[in-house]
Amino acid sequence: MAVGRSSVGTWAMALALVGAGLPSLALAQGSVGDMLSRRAGQEEKSRLLVEGREIVYDRDRNTVSATGDVELNYGTRTLQADRVVYDRKTGRVHAEGNVRLSEANGTVTTSDRFELTDDFKTGFIDSLRVEQSGRDRSGPVTTRFSAARGERIDGETTTFDRGTYTACEACREDPERPPLWQVKAARIIHNNQERRIYYEGASLEFAGIPVAYVPYFYTPDPSVRRESGFLAPRYIHTKALGFGVSVPYFWAIAPDRDLTLQPSGMSRQGFLMQAEYRQRFETGAFNLRGAGIFQQGPSAFLPAPFGAGNREARGSLETTGRFNINERWHYGWDIALLSDKWFLQNYKVRSESLAANYILAESISQMYLRGQGDRSFFDLRGYYFKGLSYADWQKQLPLVAPVLDYDKRVNGPEPIGGEARLQVNVTNVSREAAQFTPAVRGNQSFPFVTRNSLNGAPVVTAYESCAVFQRGICLVRGLSGDFARVSTEASWRRTFIDDAGQSWTPFTYLRADGFFNRPDTTGYQNQQITNFIKGSDEFVGRAIPAVGLEYRYPFVSDQGRYGTHTLTPIGQVIARSNEGRIGRLPNEDAHSLVFDDSTLFDWDKFSGYDRAEGGVRANVGLQYNVTTPSGWTGNALFGQSYQLAGRNSYAQPDLLATGLGSGLESRASDFVGRIQVNPTDNFSLITRGRFDKDDFRVNSFEAQAVANLKPYIPVVASLTYARYEAQPLQGIPHRREGLQPAASLQLTPNWSIGGSVLFDLDRYLDTRDAYASSYTAYAAQFGQAAANANITYRKADLYTVAQTGLSLGYRDECTTFSINYAMTPRLATSGERESDRTVMVRLELRTLGQSSVSQNLATASSADGIASR
């Protein structure tokens, strides 16, 4: 008897309910359906829908059988198999052949044989495999379980006997081959309600080879973003700390807050405790971090002032935060309190306040309030600097608070039009001790040297000062006392383009500065600042009105397949009053001055507000651009600056001799230029330089080439070169020159290698001067013959490897592995750069955990505050 799907479904349900007496019933071949009610006594919330090519109802056994592409649906669960038998008496479903159970959360369970309750929540499964989809911090992830036999309980817990777990995909060519890593266990229990995976009698295997055994542990399942528990341990081994291990514990207190405790035990120093508390709010978040230790072996560190060898209690306390006031305003802080400058480095404590440069490092604490409008900007903050190098004397580091920056742009009033702009800067700087630096090598002195408490010998430190405090041979890098400045600049500009295509941009501005100076001439060497500035309190005002015009006239030529060429002469003239009191006012924020193509047409080429360009100046240049249909682009700029009248601000030395040697100190400046070429999207070359106005000698030169060869070979490479001539008036007696090649190679879709090397090409000049100074001093004290016998000149290499980075990495859908080697410079007691060589190995098994180990390969020096014995 052949009937339609709905008729069969209704009739079959009636048979189930009234127990119609037929020995057996075979329904027609084809797609048919059968709706069966749940067992009597249960609330009928969901029904079991059965579909198959053939469905048989057996009254004697009280069973319903389905064969051929069988699909059972119950609620959000779907069971597919070759053959299914439903026992109405026991309420159990037996499925065989290519069985597949899919759930609403994306979990898919496959097996050869299922025996489940009719709601698919409880039962036994033979030869099962489970795939569960989720997300972690890296994105979507799929985890895989397998076992010879499994058991489901209430749809919440699945137990895998002799099970395996991995996040790795099976090999496509050989699915039976073991994955890159997997956990094998006597029992694996996946509790969906707790969202945890428990492992009993577990071993970790790589490529099928056991490498570790753990009797019992658990991990959160991939759906969990935060879970309380122990994190991967961190192993410790340094000369000063000894051997040790750190075992962090993460406590998810609530969805909006957590606490991480990280106790560390070290064989030489004892117990270090670290803690971090984090909390989120609707408008922002903050964290609080602390670390502390009572050292068991202080002698592993140098004595003060070169290390923390005289301290038993050491530690740090830090906090960071940011909160939104509204869409445009927010405030925040980053504050760090340290027991000493070596603590973070000695104990490898993570800190968000660190700021590192080529040689030295410092901790920066700040608080800020910031607002951003469509055409306005406001920033108010304060800074505290903590020097982390033995070369830093804290009394010479400034407290900078407050610092206020405001910038507002509006349309100019009609009928003038254009754009009007208001800029305001307020800065207050306080310093306890003045900082002097010799401009010439023979003017060095070390007035604050103390003797090594271990052997009583004097040790040369970097608390450097001048022997003679005189302009030209001594620079003042920081004044002692309190110094405040208020600067305001109101400007206007408008661009007109005439019928000939010429661009005319008139502009004007008024710059006004007020300096409130309260120098401190007591203690240390503070009295010496009176050789440079007035030693009493004073208020000084400075105003510079200016008017100028910038002119551009682009000549465009379209050469078809040879591209579009644009040649643009540029001229700029600025007339303003002279800068006053040069060298008699503090210079805290305009230390550096770079004159190149990027600053050629700046109205003021100083980098900060403490200095202001004055006089009448003209800036001229020629710019060239080319674009071809094939995508080839290039641009070039060449120009020069001229002091036409008035006082040249760059020729008048201030407390730091800023401007001298910049290329702007003469009436006609050095030439500056830039050439940039992009033959394709995969290659670029940019060079810029400054060339002497008289003989075109190279005074500064930078070049960088970047090539992305991935369309042909999986390589990205770059080469950077820089050379800057000596600036003896600023205490830089030799040229600075360096070369840095870098490259990365994708060996396979998963393996990559990369590295970079920085070559110091001027180091040998310092070595030569150090020998000359030692020879002269020795000969003056003991005679030339003794100097010849005892002072030997060792010829240095023409280059020194100053910094190196090498990396080898592997990454796939389940594993991240990397080995990194870094050699970075550090400053030793003699002032020579020594290398700090570190190897770090990191392994992350996705969804399971990660671990890293780092080892410093270098010997200790006083830069670390660690004793070498």
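Of all the residues in segment 245-263, those that are open to solvent by 70 Å² or more (accessible area, probe 1.4 Å) and part of a loop (DSSP other than H, G, I, E, B) number 1. Hey, any hits in segment 285-294 for a residue that's out of contact with any Leu (no Cβ under 6 Å at 6 or more places or on another chain) and among the charged types (D, E, K, R)? Yes, because at least one residue in segment 285-294 is out of contact with any Leu (no Cβ under 6 Å at 6 or more places or on another chain) and among the charged types (D, E, K, R). For segment 175-197, taking the residues that are assigned to a strand (DSSP E or B) and of a type in the set (A, V, I, L, M), the one that is most open to solvent (accessible area, probe 1.4 Å) is identified as 186. Here is a list of conditions, (1) in contact (Cβ under 8 Å) with a residue 60 or more places away in the chain; (2) of a type outside the set (D, E, K, R); (3) in contact with a Gly (Cβ under 8 Å, 6 or more places away or on another chain); (4) open to solvent by less than 20 Å² (accessible area, probe 1.4 Å), and residue 572 meets all of them except one; can you say which number that is? For residue 572, the failing item is (1).
Out of all the residues in segment 153-174, which are out of contact with any Leu (no Cβ under 6 Å at 6 or more places or on another chain), outside any strand (DSSP E or B) and within 19 Å of residue 141 (Cα to Cα)? Correct list: 167, 169, 170, 171, 172.
For segment 58-67, the criterion of a residue being at pLDDT 85 or above, over 16 Å from residue 116 (Cα atoms) and crowded, with 17+ Cβ neighbours inside 10 Å is satisfied by at least one position.
Would you check if residue 383 is more than 25 Å from residue 272 (Cβ to Cβ), among the hydroxyl-bearing types (Ser, Thr, Tyr) and either open to solvent by 50 Å² or more (accessible area, probe 1.4 Å) or outside any helix (DSSP H, G or I) (or both)? In short, yes. Taking the numbered list (1) open to solvent by 40 Å² or more (accessible area, probe 1.4 Å); (2) assigned to a strand (DSSP E or B); (3) among the charged types (D, E, K, R) in turn, residue 226 passes all entries but (2).
Of the strands (runs of 3 or more DSSP E) contained entirely in segment 469-572, those carrying at least 3 residues that are among the polar types (S, T, N, Q) fall at 481-493, 503-519.
Within the option set 321, 292, 332, being out of contact with any His (no Cβ under 9 Å at 6 or more places or on another chain) and within 23 Å of residue 389 (Cβ to Cβ) holds for one residue only, 292.
Contact map, segment 63-92: first residue under 15 Å from residue 49 (Cβ atoms), second residue open to solvent by 20 Å² or more (accessible area, probe 1.4 Å) and not in a strand (DSSP E or B), Cβ cut-off under 6 Å, separation 6 or more or different chains; pairs are 69/53; 74/46; 74/119; 75/46; 76/104; 77/103.
Restricting attention to segment 807-822, the residues that are open to solvent by 40 Å² or more (accessible area, probe 1.4 Å), β-branched (Val, Ile, Thr) and more than 17 Å from residue 745 (Cβ to Cβ) add up to 0. Against the test of being surrounded by fewer than 22 Cβ atoms within 10 Å (Cβ to Cβ), among the aliphatic types (A, V, I, L, M) and within 31 Å of the chain's Cα centre (by Cα), the options 593, 644, 622 yield a single qualifying residue, 593. Residues in segment 294-322 that are open to solvent by 20 Å² or more (accessible area, probe 1.4 Å), touching a Phe, Trp or Tyr at 6+ places or on another chain (Cβ under 6 Å) and assigned to a strand (DSSP E or B): 313 only. Among the residues making up segment 323-353, those that are part of a strand (DSSP E or B) and open to solvent by less than 50 Å² (accessible area, probe 1.4 Å) are 323, 330, 332, 334, 336, 338.
Taken over segment 401-418, the criterion of being open to solvent by less than 50 Å² (accessible area, probe 1.4 Å), out of contact with any Phe, Trp or Tyr (no Cβ under 6 Å at 6 or more places or on another chain) and not small (Gly, Ala, Ser) is satisfied by 403, 404, 405. Within segment 265-277, one or more residues are under 26 Å from the mean Cα position of the chain (by Cα) and within 23 Å of residue 368 (Cβ to Cβ). Quick check, is residue 282 open to solvent by less than 40 Å² (accessible area, probe 1.4 Å) and either among the charged types (D, E, K, R) or touching a Cys at 6+ places or on another chain (Cβ under 8 Å) (or both)? Spelling it out, it is not the case that residue 282 is open to solvent by less than 40 Å² (accessible area, probe 1.4 Å) and either among the charged types (D, E, K, R) or touching a Cys at 6+ places or on another chain (Cβ under 8 Å) (or both). Against the criterion of being at pLDDT 75 or above, open to solvent by less than 60 Å² (accessible area, probe 1.4 Å), among the small types (Gly, Ala, Ser) and farther than 30 Å from residue 507 by Cα, residue 456 does not qualify. When segment 781-816 is limited to residues that are charged (D, E, K, R) and touching a strand residue (DSSP E or B) at 6+ places or on another chain (Cβ under 9 Å), the one that is modelled with the highest pLDDT turns out to be 811. Residue 169 satisfies every condition listed in (1) touching a Gly at 6+ places or on another chain (Cβ under 9 Å); (2) open to solvent by 30 Å² or more (accessible area, probe 1.4 Å); (3) more than 19 Å from residue 196 (Cβ to Cβ) except (1). The set of residues in segment 540-565 being farther than 23 Å from residue 604 by Cα, at pLDDT 95 or above and crowded, with 16+ Cβ neighbours inside 10 Å consists of 565 alone.
Just one of the listed residues (146, 138) is without any contact (Cβ under 8 Å) to a residue 40 or more places away in the chain and either open to solvent by 10 Å² or more (accessible area, probe 1.4 Å) or closer than 29 Å to residue 203 by Cβ (or both), and it is 146. Against the test of being within 16 Å of residue 614 (Cα to Cα) and either in contact (Cβ under 8 Å) with a residue 12 or more places away in the chain or aliphatic (A, V, I, L, M) (or both), the options 540, 547 yield a single qualifying residue, 547.
The values are calculated or read from the model by the stated rules, or taken from the named source; none is laboratory data. Note that the structure is a prediction, hence the values are computed from the model and not measured. Positions of Cβ are backbone-derived with ideal geometry, glycine not excepted, and every protein chain shown enters the neighbour counts. Heavy atoms of the whole protein, side chains included, go into the accessibility calculation; ligands, DNA and RNA do not. Shrake-Rupley method; radii C 1.70, N 1.55, O 1.52, S 1.80 Å.
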